[in-house]
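To start, the structure under review is shown below, and the notes come after it.
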Amino acid sequence: MAVDKERPGKDIYALVQHPTIPVRNEVYKSLKSRPVANVVNPIDRGLMNLDLKGQKQRLVTIFERPTGGALFGPDGKVHPRVNTNKLRQSIVLSALKAIAAVHKRGFTHRSIMPTNLFFAAPDGDEVCIGECYSAPPGYKHPFALEPLKLALADETARGEGDIESDFYQLGACLQSLYFGEALWRGKDRDSLLMARVNQSSFWALSGGREIPGALGNLIRGLMADDEDERWGAEDILDWFEGVGKPKRTSMKAWSMNRPTSFKGVAYVDRRLLADAFARDPREAANFLKGIDFPAWVQLSFRDEILTERLEATLNVVPGGGLGGTRPDDYKMVSRVCMFLHPTGPVHFKGHSFFLDGLPSALADAFSRDDRDLIGVILDLFDERFLNALAEVCAERNDRFMTQVRGLRPIMIHGSSKSLGRGMERVLYAMNPILPCVSQRFSNVWIGSIKQMMRALDRMAAVGPLKNVLLDRHIAAFCTAHGSDLERDFNKIAAAQNDPVRLNSLSAEFFGMLQRRFKLEPLHNLTEKLVDGLSNTVKALKNKKRRERVTALLEKVKKGGDVHKLTTELNMSRIQVEDSREFAQARNALMKLDREKAKLGRKILPTDLDARTKGLRGSRLVAFVVMLLVGFMAFFPA
């Protein structure tokens, strides 16, 4: 809860954002600029210093606060004002208005849960749906409260979903509120999945209990597992008018013609078999390599036509599992899972992702330093593999190829070991709103290069900044948020074992950023950079140059303009000139020393050089004598 000092009496609350959870920035912009009725809208946001086991800077968002209380409290009890009549009238109507308005803005809510519904006022029947901006869609939601297709993915990788997803969540909320129970708690994932597939989500969550009358028809329609049969906004309006008809979910689309036994369980639903393969890909690979795959498809899926092209794309290679699981076996299992459930997630190496859920999954992996999961996502970034998956599901999932095309410019960085690239670059490219999560910035929120420079200036006042640009997260953050910085980081990486050159390049880099982003004087950072160049200055051989550079550095330090370190004082050029002049002087001195040594040594008759010069001298003397004798012969006295 928070207090509005500018508008006393206005009910608001503040939400402190965790730096490793990406926010939905476009949702924030839309709802802040044009608030939606029956939704908890953000009012403003900014950075604040908070006492969280020490002073830490965090992003804090201010929201409108509904004052009537949650429909389903954190203690597991339903609000006393909730009853069947309110469910049928005000609650459904309020939720429909909110969902329809959000969809009209071009995004989904994806956080409609019983604990996220509130009475707008203590004495009114209007209901508000809680905020939907502070976490990715479906992020770590209970398995039961996610539509079946999305629930099959990892809890951090469910993606945007679609408008039908919101209506399923609304139905699940109404069901829990009707029974007055947290129907999503205390249920085993595998058994609940089996029940949802075989009995439908409505019956699985209710435990076989019916909801009679029109309200039951509404909830069954909203919770239909087939998206084509799930009720939408128009169906709800028809239901209000009394003309709505219940829809029944058809299971034929996912039923197999004959069961397949895997690990002692007989599966007749394609989605369940795909999920079973996904949860044990090694055993699935052995199973697939041990059967006649084309014959299995023909017998199990009589409505499927396994063309030669599709068979080549699936590329199920028989082998009986000899030699253990090969790296390509995981991709083979993934392709078969996509064939079984083409609208479902990508099942790969024991994980399940929707491609638009990869940004939040990668952010979560980095927050937990889960190198195995980061490696799995990196292995997934194989364009040939993704293109094969797109071809397998093309007929029933045309969005997949579009999502693959969106990944291409990003995933090329994943396998690179270069500074400023790698999976850290992928993290910030996929999550532009995510702050820099380098350990150097654990107490500050860095959302832009400007904020990074100012934070470094503050940090420089209290401690060293040694090798800060060699931090992979800082380098990746800079290259993702700035243009044409990769070449600079290549130079910096090449100089990491040369402290003198590294300091010079760091000063040039920071100076360039200060000028590009038109930053104010950064006195502390400039002072640290100047101090870092002290060894470079001491190494200069020319005394006059050394004194001149020292004076200029002191002038730059006082001004706080890092950029002048590269314009008025180009240390790289000065070092080159000094080294060249010193080399020239040293060569000239060595030449003089050699000549002096030659002149000072004792000449012996056996000295080859002396004998050579003696012969030259004797020839000259003979020539002169010959000229003199000839002259005297022709001109006697």
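When residues in region 452-464 are screened for being open to solvent by 20 Å² or more (accessible area, probe 1.4 Å) and without any contact (Cβ under 8 Å) to a residue 12 or more places away in the chain, 1 of them pass. Identify all residues within region 57-83 that are open to solvent by 20 Å² or more (accessible area, probe 1.4 Å), among the small types (Gly, Ala, Ser) and outside any strand (DSSP E or B); write none if there are none. Result: 69, 76. All of (1) more than 27 Å from residue 510 (Cα to Cα); (2) at pLDDT below 80; (3) not polar (S, T, N, Q) hold for residue 544 with one exception: (2). The selection criterion, being surrounded by 12 or more Cβ atoms within 10 Å (Cβ to Cβ) and among the acidic types (Asp, Glu), holds for residue 269. Contact map, region 290-313: first residue in contact (Cβ under 8 Å) with a residue 60 or more places away in the chain, second residue of a type outside the set (A, V, I, L, M, F, W, C), Cβ cut-off under 6 Å, separation 6 or more or different chains; pairs are 313/391. Exactly one residue out of 104, 86 is assigned by TED's automatic domain parsing to the domain that holds residue 234 and buried (at least 17 other Cβ atoms within 10 Å of the Cβ), and it is 86.
The set of residues in region 27-79 that are of a type in the set (Val, Ile, Thr), touching a Phe, Trp or Tyr at 6+ places or on another chain (Cβ under 7 Å) and over 27 Å from residue 180 (Cβ atoms) comprises 27, 43.
Considering 76, 130, 46, the condition of being at pLDDT below 95 and small (Gly, Ala, Ser) is satisfied by 76 alone. In region 411-443, the qualifying residues are those that are touching a residue at least 40 places away in the same chain (Cβ under 8 Å) and open to solvent by 40 Å² or more (accessible area, probe 1.4 Å), and the one that is farthest from residue 134 (Cα to Cα) is 418.
Here residue 155 clears all of (1) touching a residue at least 40 places away in the same chain (Cβ under 8 Å); (2) part of a loop (DSSP other than H, G, I, E, B) except the condition numbered (1). Whenever a residue of region 163-181 is more than 21 Å from residue 83 (Cβ to Cβ), its partners that are surrounded by fewer than 24 Cβ atoms within 10 Å (Cβ to Cβ) and among the basic types (Lys, Arg), lying with C-beta atoms within less than 8 angstrom and at least six residues away or across chains, give the pairs 164/230; 167/230; 168/230.
Of the residues making up region 507-522, just one is modelled with pLDDT under 90 and open to solvent by 10 Å² or more (accessible area, probe 1.4 Å), namely 508. With respect to the conditions (1) out of contact with any Asp or Glu (no Cβ under 9 Å at 6 or more places or on another chain); (2) open to solvent by 10 Å² or more (accessible area, probe 1.4 Å), residue 253 falls short on a single one, namely (1).
Condition check: within 30 Å of residue 54 (Cα to Cα), at pLDDT 95 or above, open to solvent by 20 Å² or more (accessible area, probe 1.4 Å) and in a helix (DSSP H, G or I). Does residue 403 satisfy that? In short, no. Restricting attention to region 359-383, which residues are outside any helix (DSSP H, G or I) and within 21 Å of residue 338 (Cα to Cα)? 381, 382 - these are the residues of region 359-383 that are outside any helix (DSSP H, G or I) and within 21 Å of residue 338 (Cα to Cα). Within region 465-487, the residues that satisfy the criterion of being assigned to a loop (DSSP other than H, G, I, E, B) and open to solvent by less than 50 Å² (accessible area, probe 1.4 Å) are 465, 471, 482, 485. Residue 519 meets all of the listed conditions (1) more than 23 Å from residue 55 (Cβ to Cβ); (2) among the aliphatic types (A, V, I, L, M); (3) in a helix (DSSP H, G or I) but one, namely (3). Screening residue 210 on (1) open to solvent by less than 50 Å² (accessible area, probe 1.4 Å); (2) out of contact with any Pro (no Cβ under 7 Å at 6 or more places or on another chain); (3) assigned to a loop (DSSP other than H, G, I, E, B) shows it passes everything except condition (1).
One line per residue, one yes/no per condition, for (1) loosely packed, with under 13 Cβ neighbours inside 10 Å; (2) under 28 Å from residue 189 (Cα atoms):
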site	(1), (2)
259	no, yes
264	yes, yes
288	no, yes
293	no, no
304	no, no
316	no, no
327	yes, no
334	no, yes
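A count restricted to region 26-51 and to residues that are touching a Pro at 6+ places or on another chain (Cβ under 8 Å) and in a loop (DSSP other than H, G, I, E, B) stands at 2. Put simply, of 398, 379, 370 the only residue that is in contact (Cβ under 8 Å) with a residue 24 or more places away in the chain and of a type in the set (Asp, Glu) is 379. Taken over region 536-548, the criterion of being part of a helix (DSSP H, G or I), open to solvent by less than 60 Å² (accessible area, probe 1.4 Å) and farther than 21 Å from residue 460 by Cβ is satisfied by 545 alone.
Name every residue in region 360-386 that is of a type outside the set (A, V, I, L, M, F, W, C) and within 25 Å of residue 133 (Cβ to Cβ), in order of residue number. Scanning region 360-386 gives 360, 364, 367, 368. Scanning region 200-229 for residues that are of a type in the set (A, V, I, L, M, F, W, C) and over 35 Å from the mean Cα position of the chain (by Cα) yields a count of 8. Residues in region 229-245 that are modelled with pLDDT of 90 or more, assigned to a loop (DSSP other than H, G, I, E, B) and not hydrophobic (A, V, I, L, M, F, W, C) were compared, and the one that is farthest from residue 151 (Cα to Cα) is 232. Does at least one position in region 549-566 carry a residue that is part of a helix (DSSP H, G or I), open to solvent by 50 Å² or more (accessible area, probe 1.4 Å) and in contact (Cβ under 8 Å) with a residue 40 or more places away in the chain? The answer is yes, given that some residue of region 549-566 is part of a helix (DSSP H, G or I), open to solvent by 50 Å² or more (accessible area, probe 1.4 Å) and in contact (Cβ under 8 Å) with a residue 40 or more places away in the chain.
Residue count for region 200-222 under the criterion of being within 25 Å of residue 396 (Cα to Cα) and in contact with a Leu (Cβ under 8 Å, 6 or more places away or on another chain): the result is 2.
The values are calculated or read from the model by the stated rules, or taken from the named source; none is laboratory data. Since we're looking at a predicted model, the values are computed, not measured. Neighbour counts are summed over all protein chains in view; Cβ atoms, including those assigned to glycine, are modelled from backbone coordinates with ideal geometry. The area values use the complete protein model at the heavy-atom level, side chains included, leaving out ligands, DNA and RNA. Shrake-Rupley method; radii C 1.70, N 1.55, O 1.52, S 1.80 Å.
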